[in-house]
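The values are calculated or read from the model by the stated rules, or taken from the named source; none is laboratory data. Because the structure is a prediction, the values reported are computed rather than measured. Cβ atoms come from the backbone with ideal geometry, glycine included; neighbour counts cover every protein chain shown.
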Amino acid sequence: MRLQVAISRQGVASRRKAASIIEQGIVTVNGKIIRERGYAVNPDTDDIAVGGKELKSKTKKIYILLNKPKGVITSKSDPEERETVFDLLPRALSRLHSVGRLDKDTTGLLLLTNDGELTYRLTHPRFEVRKRYKLTCERKVVEKKVHILERGMYIDGRKTAPAKIEIIRSDENRTELFIEIHEGRKRQIRNMFLFLGHPIKNLERVSYEFLQLGNTRRGDFRHLTSEEVRKLKAL
């Protein structure tokens, strides 16, 4: 079914108005903004939201915390047939989508769900959802560069939001630190440190707001508790 038709049938707007709404960029399908009125959807399995408000669905909502291994991609499928995070899940959970992405070489906490409305809230910049990472980079990160990260810096012509930095240990050869950001640009942290002359060797997301990896081992997952879901929706 075309996205325009699916929205119209839910009584949100006429087909003509639905087309306009889609073109405004406020419609998401499985957490991804779609601007094509003819985009194919299945209202029974896809999570469609307009302006962050999800269209009614009878599908049971599922919320998963996964500890992503290195070398696994976040995409649903891959033309190069590389392993994806969805290969780590039972087939019954194959219709979930990831909340944002972690690049192939980044490990750690990744959320997956079929709740498009929550995905929209957690990934939209205005909600400033905090994500904390532990990283190891080359060479000593001096105080001057820490201040640059904390004030924000220009990457690809756009200034990053201020980051929180906590140095764990540092010597002339490498630095280990925690960094907390609330943005989600593609390879943002890697690009920030590369720009400063400190290529990242290891990068792990250790927390997502109040959620932490805990005892979830690399490659394993767990379902979020109802209280955790409630707190996420309250952010």
**Study point:** Test result for Gly116, of a type outside the set (S, T, N, Q), modelled with pLDDT of 95 or more, crowded, with 17+ Cβ neighbours inside 10 Å and within 20 Å of Thr225 (Cα to Cα)
**Key:** no
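Residues are listed down the side, and each one gets a yes or a no for (1) of a type in the set (S, T, N, Q); (2) modelled with pLDDT under 90; (3) at negative phi; (4) part of a loop (DSSP other than H, G, I, E, B):
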{"site": "Gln4", "(1), (2), (3), (4)": "yes, no, yes, no"}
{"site": "Ser8", "(1), (2), (3), (4)": "yes, yes, yes, no"}
{"site": "Gly11", "(1), (2), (3), (4)": "no, yes, no, yes"}
{"site": "Ala18", "(1), (2), (3), (4)": "no, no, yes, no"}
{"site": "Ile21", "(1), (2), (3), (4)": "no, no, yes, no"}
{"site": "Gly25", "(1), (2), (3), (4)": "no, no, no, yes"}
{"site": "Thr28", "(1), (2), (3), (4)": "yes, no, yes, no"}
{"site": "Glu36", "(1), (2), (3), (4)": "no, no, yes, yes"}
{"site": "Asp44", "(1), (2), (3), (4)": "no, yes, yes, yes"}
Review point. Of everything in the stretch 21-43 that's among the small types (Gly, Ala, Ser) and exposed (fewer than 13 other Cβ atoms within 10 Å of the Cβ), which residue is nearest to the chain's Cα centre (by Cα)?
Key: Gly25
**Study point:** Members of the stretch 139-167 found to be in a loop (DSSP other than H, G, I, E, B) and closer than 17 Å to Glu128 by Cα, listed by number
**Key:** Gly152, Thr160, Ala161, Pro162, Ala163
Review point. When Asn67 is evaluated against the numbered criteria (1) surrounded by 19 or more Cβ atoms within 10 Å (Cβ to Cβ); (2) under 16 Å from Ala13 (Cα atoms); (3) not β-branched (Val, Ile, Thr), which criterion, by number, is the only one it fails?
Key: (2)
Practice item. Filter the stretch 49-77 down to residues that are touching a residue at least 60 places away in the same chain (Cβ under 8 Å), more than 26 Å from Asp87 (Cβ to Cβ) and outside any loop (DSSP other than H, G, I, E, B), then give me how many there are. Key: 3
Practice item. State whether one or more residues within the stretch 199-211 are closer than 18 Å to Lys104 by Cα and modelled with pLDDT under 95. Key: no
Review point. Hey, does the stretch 118-129 have a residue that's of a type outside the set (S, T, N, Q), in a strand (DSSP E or B) and touching a Ser or Thr at 6+ places or on another chain (Cβ under 9 Å)?
Key: no
Practice item. Please find, within the stretch 176-207, the residue that is surrounded by the most Cβ atoms within 10 Å (Cβ to Cβ) out of those that are under 14 Å from the mean Cα position of the chain (by Cα) and outside any strand (DSSP E or B). Key: Ile189
